[in-house]
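Handing you this structure, nothing more for now.
The values are calculated or read from the model by the stated rules, or taken from the named source; none is laboratory data. Nothing here was measured: the structure is a model prediction, and the numbers come from that model. FYI the Cβ positions are ideal-geometry reconstructions off the backbone, even for glycines, and counts take in every protein chain you see. Side chains included, ligands, DNA and RNA excluded: accessible areas come from the protein's heavy atoms. Shrake-Rupley method; radii C 1.70, N 1.55, O 1.52, S 1.80 Å.
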Amino acid sequence: TDAFKTNLINRGIDANKIEVVTNGSNMELFSPREKDDSLLDSLKLKDKFIVGYIGTHGMCHGLDFVVNSLARIEDESIHFLFIGDGAMKCQIVDISNSLALKNITFVDAISKDEVPRYLSICDVSLAPLKKEDNFKNVIPSKIFEASSMGKPTLLGVEGEAQEIIEKYGAGVCYEPENEKDFIEKLYILKEDKDIYSSCQDGCKKLALDFDREGLAKKMLEILKEIVNKESK
């Protein structure tokens, strides 16, 4: 990320020795498609506004905060779909059970090829992290996958990831681990059709600018340039 480049420069590394090639969108695997009706039926989520989290349920993601917040969401049409496994999976399932939540469904980890099918039924992609300065330097790959499928991101990450989402208008950002802000921003995506539609347009622009094929070509050109310099 550019933030890591800045960090290295501040440590005394020559800026001319650093090139940045970010993660990006695999637009062959992830592309807009209709919602998978059979999957909606099997999960009993027809007519729900689905907020999907697909990935590692790790200690850095702040998923306990998210699950604890769900008890304060009064709109029964909003449903959270958590797919994956990790160090926090058992704990957040226990939190959900203790709160007797009806607005969340847990699914075990799926293969990468299956992710587009599950992402298709989501209206919003959730990308949270804990509120720590270290995470201001990272860009969750979820935002690229979601954008490639036209799914706005509800982002709980500060720093470079927030700058990207806000630059393209590809979603809405909330302050990490701020329950009031989290719920308010969720309702904006759910209730404001103009903002939601604008976010979908932003998703298309973001995905195109971060197309992995283009990024791979950029990396290849950088490597060629290095080889040419070394051979002279």
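What shape does the range 1-101 have by the C-alpha gyration tensor, where a ≥ b ≥ c are the square roots of the eigenvalues, rounded means a/c under 1.5, and otherwise prolate means a/b greater than b/c and oblate the rest? Could you put the intermediate results ahead of the total?
On the way: a/c = 3.11, a/b = 1.71, b/c = 1.82.
Oblate.
Please give the charge dipole size of the chain, origin at the Cα centre, charges +1 on K and R Cβ atoms and -1 on D and E Cβ atoms. Round to the nearest 20 debye.
Values: 31 positive and 41 negative charges, 110 e Å.
My answer is approximately 520 debye.
Just the accessible area per residue of the range 1-129, please: how many Å² with a 1.4 Å probe?
Per residue, the range 1-129 has an accessible area of 51 Å².
Please work out whether the range 32-76 counts as rounded, prolate or oblate from its C-alpha gyration tensor, where a ≥ b ≥ c are the square roots of the eigenvalues and a/c under 1.5 means rounded, while otherwise a/b larger than b/c means prolate and anything else oblate? Can you show the working numbers first?
Values: a/c = 2.76, a/b = 1.48, b/c = 1.86.
Because a/c hits 1.5 or more and a/b fails to exceed b/c, the range 32-76 counts as oblate.
Give the calculated FRET efficiency between Glu166 and Asp113 to the nearest 0.05, with a Förster radius of 30 Å applied to their Cβ-Cβ distance. Write out the running numbers ahead of the final one.
Working: r = 31 Å, r/R0 = 1.04.
After rounding to 0.05, the efficiency reads 0.45.
Kindly flag which residue pairs out of Lys151/Lys180; Lys142/Lys204; Lys112/Lys218; Lys35/Lys167; Lys142/Lys185 have an alpha-carbon separation exceeding 21 Å in this structure.
Table pairs above 21 Å Cα-Cα are Lys151/Lys180; Lys112/Lys218; Lys35/Lys167.
Where a Cα-Cα gap under 27 Å defines reach, which lysines qualify for Lys224, not counting those fewer than 8 residues away within the same chain?
The reachable lysines, counting only those whose Cα sits under 27 Å from Lys224, are Lys5, Lys17, Lys232.
Give the carbon-plus-sulfur fraction of the accessible surface of the range 26-121 in %, rounded to a whole number; probe 1.4 Å, heavy atoms of protein chains only. Don't jump to the answer; show the numbers that get you there.
Details: 2300 of 4820 Å².
Answer for the range 26-121 is 48 percent, counting heavy atoms of protein chains only.
Taking only protein heavy atoms and a 1.4 Å probe, what accessible area per residue, in Å², does the range 171-229 have with all protein chains in place? Working shown, then result.
Working: 3710 Å² over 59 residues.
For the range 171-229, the per-residue accessible area is 63 Å².
Please work out whether the range 51-190 counts as rounded, prolate or oblate from its C-alpha gyration tensor, where a ≥ b ≥ c are the square roots of the eigenvalues and a/c under 1.5 means rounded, while otherwise a/b larger than b/c means prolate and anything else oblate?
On the way: a/c = 1.29, a/b = 1.18, b/c = 1.09.
Rounded is the answer for the range 51-190, as its axis ratio a/c remains below 1.5.
Return the FRET efficiency for the residue pair Lys102, Asp181: r is the Cβ-Cβ distance, R0 is 35 Å, and the value is rounded to the nearest 0.05.
Working: r = 24 Å, r/R0 = 0.67.
Given R0 = 35 Å and the Cβ-Cβ separation, E is 0.90.
Same structure, new question: Using R₀ = 35 Å, calculate the FRET efficiency as 1/(1 + (r/R₀)^6) where r is the Cβ-Cβ separation of Lys204 and Thr6; round to 0.05.
Calculated transfer efficiency: 0.75.
With θ set to phi - 60° and the Karplus curve 6.51 cos²θ - 1.76 cosθ + 1.60, what are the ³J(HN,Hα) couplings of the range 153-170 in order, to the nearest whole Hz, using x for Gly and Pro?
Coupling constants for the range 153-170: 9, 9, 9, x, 9, 8, x, 5, 4, 4, 4, 5, 4, 6, 4, 8, x, 8 Hz.
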